[in-house]
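The values are calculated or read from the model by the stated rules, or taken from the named source; none is laboratory data. From a predicted model like this one, the values you see are computed outputs, not experimental measurements. Positions of Cβ are generated from backbone atoms using ideal geometry, with glycine treated the same way; all protein chains shown enter the neighbour counts.
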Amino acid sequence: MNDLENNRACPLVKNPSPDCYCFNMTSRNIDTAIAYCGNKFNECEIYKNIVCLKEIVVQKTLKTL
């Protein structure tokens, strides 16, 4: 991977879920938000759950077509 790929932010940062660490940052979660909402978003359980749910919805939608 190149440096640009390593420095990507989570795609959810622009429109975060209320569960996301960056949704309501406080001094208690700022370190976690920086880590997971930054370049470690693929390791974030919140991100993985949201992506998984979206894939399930798409699959169910496609089955109804």
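What the table shows:
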read-out	value
Selection within the stretch 23-45 - assigned to a loop (DSSP other than H, G, I, E, B) and β-branched (Val, Ile, Thr)	Thr26
Residue ID - modelled with the highest pLDDT, chosen from residues in the stretch 1-33 that are more than 21 Å from Asn49 (Cα to Cα) and among the charged types (D, E, K, R)	Arg28
Criterion (of a type outside the set (Lys, Arg) and exposed (fewer than 13 other Cβ atoms within 10 Å of the Cβ)) met by exactly one of Asn49, Asn39, Asn29	Asn49
